[in-house]
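Data first, discussion second: the structure below is written as structure tokens.
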Amino acid sequence: MTLDQIMIQCGAPSLCGIKPGNMFTVSQKRYSASRIRFWKKIYFKQGILLKAFKTSNNLVMIFSYNLIWIRQILDDPFVKAYLRGKDYPVDKGSFAVLNRLFKNLKNSRGFPHEVGIFLGYPLEDVICFERMQGKDCKYCGYWKSYSNPEEAKVCCCKYNNCSQMCKKWFDEGLSVPQIITKYKKQTEIVA
């Protein structure tokens, strides 16, 4: 897959407005700073911010997120309490919190557990994953679900379908705005 195909497939759920954030890695061989600048402009036109940074293992991590949605998540008092317990500067605003997350992602050997919150996973599942060390979940998809496996299955299926459709349409030559419009029309018909 090209970097462009990866960007559209892996970022599709946030681009289409069904997920607050997406996170994925690409090898440094596939990474292109000029293409990331291009994609930042495309994502920004859709209300999505994009952060790319090198990690320690020759990979580039790409994090796309809807800042408005992230702010809503961070307004939840339970999320604030959880993040405060992990030394996040929750009283300094969303950019300070996101900067701490990016620093933690860049410097961590694994993923800090709290990243799930920014990807739209239920707080209860994030906490249980950490407590259970990733074991004994009830369903495993985009995340390990402990609290509501049926809802997680539906959600993960929705994310997968979105990614597959968007990549297909992108490969057929549709622009990102056309893809988003087509996706929204498709999901209105199904609903």
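Each reported figure results from applying straightforward, stated rules to the coordinates on display, with no laboratory input. What you see is a predicted model, and the numbers here were worked out from it, not measured in a lab. Cβ atoms come from the backbone with ideal geometry, glycine included; neighbour counts cover every protein chain shown.
What to note about this one:
- Euclidean distance of C-alpha centroids, region 149-191 and region 75-124, integer Å: 27
- Between residue 181 and residue 59, the modelled labels are 3.6 nm apart [label points 7 Å from Cα along Cα→Cβ].
- Working ranking of peptides 145-152, 112-119, 73-80 by packing, defined as the average number of other Cβ atoms within 10 Å per residue, highest first, is 112-119, 145-152, 73-80.
- Applying 0.36 nm per residue to the separation of residue 67 and residue 38 and subtracting their alpha-carbon distance, the gain on full extension is 8.5 nm.
- Going through (i) 16.6; (ii) 17.4; (iii) 19.1, the figure that equals Kirkwood radius over Cα pairs in Å as computed for the structure here is (ii).
- Measuring against 30 Å, Cα to Cα, the residue pairs 41/138; 41/167; 92/138; 40/158; 40/92; 41/182 contain 41/138; 92/138 as the ones spanning a longer distance.
- When each of 19/168; 29/184; 103/184 is checked by Cα-Cα distance, pairs over 26 Å: 29/184; 103/184
- Proximal charge balance of residue 114 [Cβ under 15 Å; K/R count +1, D/E count -1]: +3
- Cα lying deepest toward the dipole's positive end in region 100-191, options 108, 123, 154, charges on Cβ: 108
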